Each structure stands twice: as C-alpha cells, then as structure tokens.
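Trainee: Below is one structure. I have some questions about it.
The values are calculated or read from the model by the stated rules, or taken from the named source; none is laboratory data. If you're wondering where the values come from, they're calculated on a predicted model, not measured in any experiment. As a convention, Cβ positions derive from the backbone with ideal geometry for all residues, glycine included, and neighbour counts pool all protein chains shown. Just the protein is used for accessible areas: all its heavy atoms, side chains included, with ligands, DNA and RNA removed. Shrake-Rupley method; radii C 1.70, N 1.55, O 1.52, S 1.80 Å.
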Amino acid sequence: MLSKALPQPCSGAGGDVHCRRGAQAASPRSVVGVAGGAGRRGGVGGRLVASVAGERSEALHTAAVAGGQHHVNGSAVAGMDKLVTSTVGKSTNILWHDCPIGQPERQKLLNQKGCVVWITGLSGSGKSTLACALSRELYSRGHLTYILDGDNLRHGLNRDLSFEAKDRAENIRRVGEVAKIFADAGLICIASLISPYRSDRSGCRNLLHNSSFIEVFLNVPLEVCEARDPKGLYKLARAGKIKGKRTKKSTVFAYLLQFLLWQSSAGFTGIDDPYEPPSDCEIVIHCKAGDCATPKSMADKVVTYLEANGFLQE
C-alpha cells in the first residue's frame with residue numbers, strides 16, 4: 001500500500017510549484033469476501049463474493065455447482081456450493097482474483113513507490129520533452145519508469161479513436177487504466193497527454209490513491225506553443241484544415257446547435273476546441289515567451305516533489 005503523501009506548502013502567485021489541497025480519497029480496491037460467516041473462506045455453504053469497491057456491480061450471477069464443488073480456472077474448489085460473480089459495465093460473470101504477491105512486495109523489490117505523473121498542457125507545451133527528461137533523470141538515480149505518450153499510444157492501443165470529444169474521453173480512460181496497472185506494478189508511470197478536459201483527468205485520478213496521482217500542468221501560453229508548433233498543427237488549424245464544425249446563423253437555436261456540434265466535433269485544442277486547465281494540481285510549471293526552464297530544470301522540480309513525498313524509496 002502507498003503511504004499517504006505529506007502535505008506540501010503551496011507557493012504564492014507566480015510560483016512554479018503548487019500543491020494540491022484536500023482530503024485524500026480512499027482508493028478503489030478489490031474486495032473478496034465470503035458470504036455466510038466472517039473469516040470463513042470456502043466453508044460449507046459459504047459463497048465467494050468478488051466485487052470492486054467504488055464500482056457499482058450491476059448484477060450478481062450465481063453459478064450452480066454439482067456435487068458441492070465448483071471449477072475455478074479448471075480447479076475444483078471444495079466446500080463451495082455457490083460462486084458469486086459480478087457484472088461490471090458490459091462484462092458479465094467476472095471474478096476478481098487476488099495473488100499473494102501484491103503492490104507492497106513489488107515496491108519493496110524496486111525500492112520505490114508506484115505512482116502516476118500525469119503531464120497535461122497544450123500541444124507544443126513540452127509534455128513529451130519533460131516526460132523524457134524526467135524518465136532519464138529517474139533512471140540515472142536507479143528508478144524504474146515507463147512513459148505513456150499520447151501520440152505513441154495512438155499508434156497502437158488507441159488507433160481506433162478519433163479526436164472527437166467522445167473518443168478523446170475514451171482515449172484518456174484507457175490511458176488511465178493502463179497507468180493504474182503500471183502504478184500497481186510499482187513503476188513510476190509518466191503519462192504525457194494534452195488531456196484537455198478536467199472531468200477526464202479527474203476520472204483517472206479517482207482510479208488511484210489521491211496521493212499517488214501527481215498532476216503536472218505545463219502552463220505555457222498559446223502564443224508560445226504556436227510559435228514552437230513542432231508538428232505544424234497550429235498552422236493547419238489556422239488554415240482551417242483542423243477545425244470543429246461551426247454555424248454562422250445567429251438565432252438562439254443556432255447557438256445551441258453550434259455548442260452541441262462544438263462539443264462533438266474534432267477541433268484543435270486551443271484554437272477551436274477548449275482546453276480546461278487544472279484548478280488544483282500538484283505541480284505547475286510556468287513558461288513565458290523568452291523565459292522557459294530547461295527540460296532538466298523542469299524534471300528536477302518533479303523529482304523534488306517525488307522525493308519529498310516518499311515515492312523514491314520503499
């Protein structure tokens with residue numbers, strides 16, 4: 001289990017590093033219990049119940065057992081007359097299996113605490129650059145990391161998703177679930193994505209212990225990002241080749257239609273698609289025209305936070 005992060009003082013206006021305030025939320029954990037008696041596991045007449053805390057099980061399905069035994073992964077479980085499984089989303093008849101080697105054992109092996117460093121910001125703000133610099137710095141200190149880069153993931157895992165709002169939400173959900181697995185494995189997972197919507201980022205935060213989700217906001221003005229334009233996307237957006245659907249009508253109905261189309265269209269973040277900056281993230285790194293920190297300096301700020309909150313030691 002991860003220990004609760006120590007609260008950090010927040011800087012004043014204009015500071016580089018800010019700390020998230022608020023109570024630590026309980027982490028969703030898998031819960032396996034036996035109905036029909038406390039402390040019993042597989043006793044006569046008992047039921048093995050599996051569910052995931054924080055996720056509402058839509059239905060419980062009971063599997064009939066012949067001869068007082070039930071086959072789980074091909075093995076007969078003696079003494080069980082009923083095995084209760086769950087429905088989560090569209091997945092039915094599923095059962096969570098716990099193993100004796102868990103996150104604490106993996107963290108001890110790696111001498112670090114699993115967490116997710118979620119880097120968000122406009123296109124061209126330096127997210128991938130920071131992710132690589134941070135991974136390199138932690139590697140030099142003997143820590144195991146893995147980068148989940150937004151563009152890289154769209155080459156494989158998320159290649160079936162567009163940039164429309166619905167698909168963007170699914171993109172972030174998938175990355176959050178993968179990041180959660182890496183953190184559970186004891187790795188320091190560095191996720192580098194625009195992730196423009198607060199609700200999507202909050203959904204990923206809620207998958208983990210609050211203290212093990214570290215949101216890093218690269219607060220870089222649009223004009224600076226557009227001047228960099230490493231992939232030429234701003235130029236395409238300004239030319240109207242990447243844009244959301246609009247209407248020029250001025251009626252109230254047309255404005256409503258415009259808003260709905262805007263929410264569902266594949267615009268370019270910062271130009272005709274919104275970016276919602278974090279309101280309460282752990283780290284903010286500011287950059288102004290002619291005054292931007294080096295990648296090494298930005299990485300050091302994140303490493304300092306990880307050290308202060310105990311993530312770089314078991």
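Trainee: I need a count of the residues in segment 276-308 that are modelled with pLDDT of 90 or more and in a loop (DSSP other than H, G, I, E, B).
Mentor: Total satisfying the criteria: 11.
Trainee: Could you list, in sequence order, the residues of segment 194-220 that are outside any helix (DSSP H, G or I) and out of contact with any strand residue (DSSP E or B) (no Cβ under 7 Å at 6 or more places or on another chain)?
Mentor: Answer for segment 194-220, where residues must be outside any helix (DSSP H, G or I) and out of contact with any strand residue (DSSP E or B) (no Cβ under 7 Å at 6 or more places or on another chain): Y197, N206, L207, H209, V220.
Trainee: Could you please let me know if A165 is surrounded by 16 or more Cβ atoms within 10 Å (Cβ to Cβ) and among the small types (G, A, S)?
Mentor: Yes: the conditions hold for A165.
Trainee: Take the conditions crowded, with 16+ Cβ neighbours inside 10 Å, modelled with pLDDT of 95 or more and touching a helix residue (DSSP H, G or I) at 6+ places or on another chain (Cβ under 7 Å) and apply them to I190. Does it pass?
Mentor: Yes; evaluated as a whole, the condition is true for this residue.
Trainee: Separate question: R159 fails exactly one of the following numbered conditions: (1) without any contact (Cβ under 8 Å) to a residue 40 or more places away in the chain; (2) touching a Ser or Thr at 6+ places or on another chain (Cβ under 8 Å); (3) of a type in the set (K, R). What is the number of that condition?
Mentor: R159 satisfies every listed condition except (2).
Trainee: In segment 120-146, what residues are among the hydrophobic types (A, V, I, L, M, F, W, C) and open to solvent by 50 Å² or more (accessible area, probe 1.4 Å)?
Mentor: Answer for segment 120-146, where residues must be among the hydrophobic types (A, V, I, L, M, F, W, C) and open to solvent by 50 Å² or more (accessible area, probe 1.4 Å): C132, L144.
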